[in-house]
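This report refers to the structure that appears directly beneath it.
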Amino acid sequence: MNQAQTLSSPAPQPLLGMALGVLAVMLFSAGLPATRVSVEAGMSGLFTGAGRAALGALFATILLLATRQRLPAPRQWVRLSVVALGVVFGYPLLSSVALETVSATHSVLVTALLPLCTALFGACLHRHRPRAGFWLCAVAGTALVLFYAGRQAEGQWHLADLWLLLSCVLCGLGYAEGARLARELGSWQVICWALVLSLPLLLPIVWVSWPQTEVALSGWLSMLYLSSVSMFIGFFFWYRGLAIGGVTLVSQTQLLQPFGALWLAALLLGEPVSAQAIWICLGVVACVALGRRYA
């Protein structure tokens, strides 16, 4: 009997799921500003993205061994690879590389599409068919973010915008698939196994991208936060919330993340938060919130 059969699916608990989602989002909020701090401290985006995941994998290995977790079934390893693609490689690496050339404030606005991506993949993987109004809101929100990115680039797209948009798509997929697996393996077990699975690929990336110049202490402290909280502990609450509250519903708690991230970018990096940035953020929130009514 495999582990998927020994664990029963958790009973739906929408309110608790939302509460756990909000807690996770608050823990994730400093992710992009902290990544920018690491880059400004002398780390490359590639090293920041791979290093945070590799250190997180070390924490995961210790926890799995200490609690004597059983290995996932073969088919679950395949699904864990999808989770790893999105939340271990896709979002951390692509957003870190993007933050070498754009500000944390800019990246927060582009990645405000993440809740929408998560809801879309959740609807597909969980075989939920939203009404037409949901898709109209999705298109409107996407257009709004693309308009903002284009204005920031003064008519010229940054390659970083492509990395950020792709990171949202991959991360949304990783979130939705991870929520399904959390019902079989357990919430924190999903991120732990995904990190361990990724470690053989992460270590060579860390090796070749190791900083060749001195890195400020702020960079290492940011890396510690990214690996322990943003890459590890936060997912304990996030996948549990998605599993018991439903992906489409709980994913909307991510709407709080841009506001927390913008505030932290202003506090930690001194980046100005323009009125346009705030209005765009509110517009994206409105589109996704309205779309939720038709989900």
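If you plug the beta carbon distance of residue 139 and residue 69 into 1/(1 + (r/R0)^6) with R0 = 35 Å, you get a FRET efficiency near 0.25. When 239, 294 are compared by accessible area of protein heavy atoms, the largest-first order is 294, 239, using a 1.4 Å probe. Taking all protein chains together, 214, 100 sort by accessible area into 214, 100, largest first [probe 1.4 Å]. Computed over the Cα atoms of the chain, the ratio of the radius of gyration to the Kirkwood radius (Rg/Rh) comes to 0.96. Taken per residue, the accessible surface of the stretch 212-295 reaches 44 Å², heavy atoms only and a 1.4 Å probe. The solvent-accessible area of residue 147, taken with every protein chain present and a 1.4 Å probe, is close to 100 Å². Scanning the chain for long hydrophobic helices, with DSSP H runs required to stretch 24 angstrom or more by C-alpha along their axis and to average at least -0.5 on the Kyte-Doolittle scale, returns 45-66, 132-152, 159-185, 187-209, 275-293. The fraction of accessible area contributed by carbon and sulfur in the chain is 69 percent, rounded to a whole number (1.4 Å probe; ligands and nucleic acids excluded).
Dividing the mean sequence gap of close Cα pairs (under 8 Å, 6+ apart) by how many residues the chain holds gives a relative contact order of 42 percent.
The values are calculated or read from the model by the stated rules, or taken from the named source; none is laboratory data. Small disclaimer: the values here were computed from a predicted structure and weren't measured. Counting neighbours? That spans all protein chains shown, and the Cβs are built from the backbone with ideal geometry, glycine included. Areas reflect the complete protein model, heavy atoms only, side chains present, ligands, DNA and RNA absent. Shrake-Rupley method; radii C 1.70, N 1.55, O 1.52, S 1.80 Å.
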